[in-house]
Amino acid sequence: MAETVRAAIGRAARDFAGFSHSPTLDAELLMAHALGCTREAVLMGWLDEPAPAGFVALVARRLTHEPIAYITGTRAFWTVEIGVGPGALVPRADSETLIEAAVAHFSRHLPATILDLGTGPGTLLLAALAQWPAALGLGVDRSAAAIARAGANATRNGLDARARFVRGDWASAVSARFDLVLANPPYVAQGTPLPREVAEHEPPQALYAGADGLADFALIIPQLAPLVAPGGVAVVEIGAAQAGPVAALFEAKGFVPSLRHDLAGHARAVVAVPVAG
């Protein structure tokens with residue numbers, strides 16, 4: 001008798017339990033991908049059906065610690081669906097803290113222009129554009145492959161008319177002012193041990209930033225003052241232990257910084273308002 005979807009999910013979840021923080025969810029997402037439907041559809045109507053043959057190969061890939069998002073090709077973030085793959089940083093739920101911080105800042109007025117530095121697959125910019133349907137946005141990345149992927153994601157989410165992507169080294173190619181500036185730079189200190197699915201699969205240039213993890217902040221923050229419009233804000237993702245040094249860098253460049261914490265209670269974003277703003 002063929003193995004059911006329910007049994008196959010259970011077996012895969014047991015196999016994943018030794019290294020994944022969410023083994024059952026991983027198995028359910030892979031099953032949904034194998035069946036070509038949503039996870040919710042799997043749980044509501046497919047559990048007692050025969051498991052698809054392709055599920056075995058997907059499980060084998062996950063057992064090499066390949067990220068689920070690389071296997072399925074997408075990751076949900078905020079209200080958008082981001083296409084990802086090798087060479088692109090996988091969007092993380094913790095990064096939604098930046099969008100939450102921006103929503104709080106713009107509670108009384110709306111941003112009309114948005115800049116995302118180091119946009120990668122367009123994650124933050126597209127989430128922000130989905131949040132504010134009248135806004136226009138610019139994403140900058142030094143990688144041509146990232147720019148191409150971000151453009152495809154803008155089209156996937158119906159945001160290509162409002163999103164533009166250009167190659168550049170942080171803000172060096174940008175001269176305009178923006179109401180909202182977002183950035184999720186590399187901030188992992190070189191030599192920091194990371195889970196295999198990160199260390200062996202995600203691009204190191206999107207992770208590591210020098211001996212203390214602060215190298216890219218030292219490049220980005222001095223470039224921000226001319227870019228933030230009056231009444232605007234810069235929101236930058238940080239590592240859990242970097243609040244003090246990054247806030248000091250912002251203060252030295254004429255910003256008033258505050259912190260936004262993620263769901264685990266870690267400082268995740270510095271929200272920086274120009275002194276004059």
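Of note:
- Taken over region 212-227, the criterion of being farther than 14 Å from residue 248 by Cα and in contact with a Leu (Cβ under 9 Å, 6 or more places away or on another chain) is satisfied by 223, 224, 227.
- Close pairs (6 angstrom Cβ cut-off, 6 or more residues apart or separate chains): farther than 25 Å from residue 19 by Cα in region 34-61, open to solvent by less than 80 Å² (accessible area, probe 1.4 Å) and assigned to a loop (DSSP other than H, G, I, E, B) anywhere: 50/2
- First in region 156-168 and farther than 17 Å from residue 140 by Cβ, second anywhere and of a type in the set (A, V, I, L, M, F, W, C) and assigned to a strand (DSSP E or B), Cβ under 7 Å, 6 or more apart: 157/80
- Single condition residue 146 does not satisfy, out of (1) of a type in the set (A, V, I, L, M); (2) modelled with pLDDT of 95 or more; (3) touching a Gly at 6+ places or on another chain (Cβ under 7 Å): (2)
- Here region 236-272 is the region considered, the condition is being in contact with a His (Cβ under 8 Å, 6 or more places away or on another chain) and either open to solvent by 50 Å² or more (accessible area, probe 1.4 Å) or in contact (Cβ under 8 Å) with a residue 60 or more places away in the chain (or both), and the residue that is farthest from residue 182 (Cα to Cα) is 240.
- Qualifying residue in region 188-200 (condition: open to solvent by less than 60 Å² (accessible area, probe 1.4 Å), under 27 Å from residue 80 (Cα atoms), in contact with a helix residue (DSSP H, G or I) (Cβ under 7 Å, 6 or more places away or on another chain) and not hydroxyl-bearing (Ser, Thr, Tyr)): no
- Of everything in region 110-129 that is part of a loop (DSSP other than H, G, I, E, B) and among the aliphatic types (A, V, I, L, M), the residue that is least open to solvent (accessible area, probe 1.4 Å) is 112.
- Some residue of region 65-74 being in a strand (DSSP E or B), within 24 Å of the chain's Cα centre (by Cα) and either surrounded by 13 or more Cβ atoms within 10 Å (Cβ to Cβ) or among the β-branched types (Val, Ile, Thr) (or both): yes
- Any chance residue 19 is open to solvent by less than 30 Å² (accessible area, probe 1.4 Å) and either at pLDDT below 95 or of a type outside the set (Val, Ile, Thr) (or both): no
- Any hit, region 80-94, residues being more than 25 Å from residue 147 (Cβ to Cβ), of a type in the set (Asp, Glu) and either at pLDDT 95 or above or part of a helix (DSSP H, G or I) (or both): no
The values are calculated or read from the model by the stated rules, or taken from the named source; none is laboratory data. Owing to the predicted nature of the structure, the values given are computational and were not obtained by experimental measurement. Cβ sites come from the backbone with ideal geometry, for glycine too, and all protein chains shown count toward neighbours. Just so you know, the surface numbers come from the protein's heavy atoms only, side chains and all, with ligands and any DNA or RNA stripped out. Shrake-Rupley method; radii C 1.70, N 1.55, O 1.52, S 1.80 Å.
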